[in-house]
Every structure is written in C-alpha cells, then in structure tokens.
Amino acid sequence: MPDPVQPASVYDLAHAEQEESRATFAVLVDNEPGVLHRVVGLFAARGYNIDSLTVAETDGSAHTSRITIVTRGTLQVLSQIEAQLQKMVSTRHVQDVTKDPNGIERELALVKVRGSGVERVEALRVADIFRAKVVDTTHESFVFEVTGASNKIDKFVDLMRGLGLVEVSRTGVLSLQRGVEVF
C-alpha cells in the first residue's frame, strides 16, 4: 500500500492553519522626502501586498502627513507590519484602525456609466439608492460620485456592470477616529 502524500515541510501545515485577515493602518509621519518610499519599501522587501494606499499632508506647520495602508495577512504578519511601521524613524504614530472600535473607514469612487433608455433610468435609480451624486452627464453617459465603506462601493460597481459600466476610479481607504481624541 503506497504511503499517503506528506507535505514537503512542517511549515506548510502551520501556514495552512492560519487565516488571513484585512487590516487598515493609519500612520502619521514626518512630511519629508523619501518617507513614502521607505514605507512602501518595507512592504516590498518582506513580500507583503498593499491593497490600498492613500497619503496626504495633514498639517503644513507641523510638517506631517497621514498614510493609510490597507493590507492582508495572518495575525502574526499584521503584528509584524505594525511593529515595523512603529520602528521607522519618521513615524510619529501608528494606529490599526480595524482593531479600533472608534475607527471610521471610507472611500470615494468616480464611476462612469454609459447608457440610454431603460438602462439610463435604472442607473439613476440605483445611484439614488446608494446616495451617489451625479457629477457629470452627457446624452450618452453619467459620472457618479459615491462614498462609503469599500464593500458599499464594490456593490455599487457590481450593479453598474449590467447597466453599462465604462470606467471606475477609486481613492483608496481613508480613516479617522470618532470623538474628540487626536490621532
């Protein structure tokens, strides 16, 4: 009787048991040349994927920027990412927004839909349900602006596919903490 196929290594078994989850990190950094490159390099060097990345200056007088990063990994990997971000010289603060009960995440998308007749009317009806705003219109198309949680935008885009979806542009996830606390 042949032996059952054994895994190539015990590491395969340990890795298979760990479930990946999504995490959103808000990172307050010094606004100086090379900081974003170092943050992205941290992910690239370790083989971590970035699902979404947004960055902008938040306080010109304090020379700070906020980087919001959405990634996936096992709990161990996500903890390692957070620790590595904390260790960076230019980092002032790191917050795992997904663990924070006061965390708010939103995204903005522009969605272009082509259509006429019934499809055009249906696209407007769906946009109304999702509270999407018409920001441009022609005789052949609409451009909608929709904001909300990423899964809301995903659902809106999926519904628009059958109604003449042409193009989608998304900002990536933004986050803040509820209340008066300062990040």
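Some notes on this structure:
- Taking the range 114-183 as the region of interest, the strands (runs of 3 or more DSSP E) fully inside it that hold 2 or more residues being in contact with an Asp or Glu (Cβ under 8 Å, 6 or more places away or on another chain) and over 21 Å from Thr68 (Cα atoms) are 133-137, 141-148.
- Of Leu165, Leu176, all but one fail to be modelled with pLDDT under 95 and surrounded by 13 or more Cβ atoms within 10 Å (Cβ to Cβ); the exception is Leu176.
- Single match in Leu53, Leu78 (criterion: in contact (Cβ under 8 Å) with a residue 24 or more places away in the chain, under 20 Å from Glu20 (Cα atoms) and either in contact with a Cys (Cβ under 7 Å, 6 or more places away or on another chain) or assigned to a helix (DSSP H, G or I) (or both)): Leu78
- The range 25-50, residues that are touching a residue at least 24 places away in the same chain (Cβ under 8 Å) and small (Gly, Ala, Ser): Ala26
- Residue pairs whose Cβ atoms lie under 6 Å apart, separated by 6 or more positions or on different chains, with the first residue in the range 154-183 and within 14 Å of Glu119 (Cα to Cα) and β-branched (Val, Ile, Thr) and the second in a strand (DSSP E or B) and at pLDDT 85 or above, are Val166/Lys112; Val166/Arg114.
- Members of the range 56-75 that are over 19 Å from Ile104 (Cβ atoms), free of Cβ contacts under 8 Å to residues at least 24 places away in the same chain and not in a loop (DSSP other than H, G, I, E, B): Asp59
- Hey, Ile153 surrounded by 18 or more Cβ atoms within 10 Å (Cβ to Cβ) and assigned by TED's automatic domain parsing to the domain that holds Val70 or not: no
- Residues (surrounded by 17 or more Cβ atoms within 10 Å (Cβ to Cβ) and of a type in the set (Lys, Arg)) located in the range 32-67: Arg66
The values are calculated or read from the model by the stated rules, or taken from the named source; none is laboratory data. All of these numbers come straight from a predicted model, not from anything done at the bench. Cβ coordinates were reconstructed from backbone atoms using ideal geometry, including for glycine residues, and neighbour counts include every protein chain displayed.
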